[in-house]
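The values are calculated or read from the model by the stated rules, or taken from the named source; none is laboratory data. From a predicted model like this one, the values you see are computed outputs, not experimental measurements. Heads up, the Cβs are rebuilt from the backbone with ideal geometry, glycines too, and the neighbour counts pull from every protein chain shown.
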Amino acid sequence: MTDETLPKPNYTGRVVDAQLQLLDRQVLDDTGKPVCVVDDIEVAGIELGQRMLRDAPAPTIDALLSGPVFLTRVFGGRPPTSRLFRIPWAKVRNLGTAIELSVGSESLDASWTERWTRDHVIGRIPGARHDPE
């Protein structure tokens, strides 16, 4: 039997091309404020070292991962998983040009760097606490 004669797998749910639709996409909270950028994904249902079978269940996305990955992209390697912030897939509301979440950014650990920068750096600049007139 060749691949053309095998029956196509019957998967339920949405098929997502992770590289095209997820990686390096902006993540927005429920009010449209930027939270982070997707640097990696956490996938369940892929057994390492085993051959994928046609009747095996499709892998599913467990979480979006974000964190300090710039240096590992330049010099290679992989950041420790303890340094990556995890956004559960259940909190994703919509996939489009940006990934929209169903929760606010204040409830996510991924936006702590933006909050800290806003409060401790930008907030100390004279005139930064109000809109320009």
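To keep it simple, each residue is scored yes or no on (1) loosely packed, with under 11 Cβ neighbours inside 10 Å; (2) at pLDDT 90 or above; (3) farther than 25 Å from ARG118 by Cβ.
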{"position": "ILE41", "(1), (2), (3)": "no, yes, yes"}
{"position": "ARG51", "(1), (2), (3)": "yes, no, yes"}
{"position": "VAL74", "(1), (2), (3)": "yes, no, yes"}
{"position": "SER82", "(1), (2), (3)": "yes, no, no"}
Just give me the residues in segment 92-104 being without any contact (Cβ under 8 Å) to a residue 40 or more places away in the chain and crowded, with 18+ Cβ neighbours inside 10 Å, in sequence order. VAL92
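Please verify whether segment 104-112 includes one or more residues that are at pLDDT 80 or above, farther than 22 Å from LEU20 by Cβ and among the hydroxyl-bearing types (Ser, Thr, Tyr). First the steps, then the outcome.
If we filter segment 104-112 for residues that are at pLDDT 80 or above, which is where we start, we get 104-108.
Then drop every residue that is not farther than 22 Å from LEU20 by Cβ, which leaves 104-108.
With the extra rule that they be among the hydroxyl-bearing types (Ser, Thr, Tyr), the set shrinks to 105, 107.
Yes, there is a match, as at least one residue in segment 104-112 is at pLDDT 80 or above, farther than 22 Å from LEU20 by Cβ and among the hydroxyl-bearing types (Ser, Thr, Tyr).
Search segment 70-89 for residues being part of a helix (DSSP H, G or I) and touching a strand residue (DSSP E or B) at 6+ places or on another chain (Cβ under 9 Å), and hand back the single one that is nearest to VAL16 (Cα to Cα). Write out each step before concluding.
At the first step, the residues of segment 70-89 found to be part of a helix (DSSP H, G or I) are 70-75, 81-83, 89.
Cutting the leftovers down to touching a strand residue (DSSP E or B) at 6+ places or on another chain (Cβ under 9 Å) gives us 81, 89.
Working: THR81: 23, TRP89: 13 Å.
Looking at residues that are part of a helix (DSSP H, G or I) and touching a strand residue (DSSP E or B) at 6+ places or on another chain (Cβ under 9 Å), I get TRP89.
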Filter result (surrounded by 10 or more Cβ atoms within 10 Å (Cβ to Cβ) and either over 12 Å from VAL38 (Cα atoms) or aromatic (Phe, Trp, Tyr) (or both)) within segment 55-72: ALA56, PRO57, ALA58, PRO59, THR60, ILE61, ASP62, PHE70, LEU71, THR72
For segment 17-24, state whether one or more residues are under 20 Å from THR113 (Cβ atoms) and either surrounded by 15 or more Cβ atoms within 10 Å (Cβ to Cβ) or at pLDDT 85 or above (or both). yes
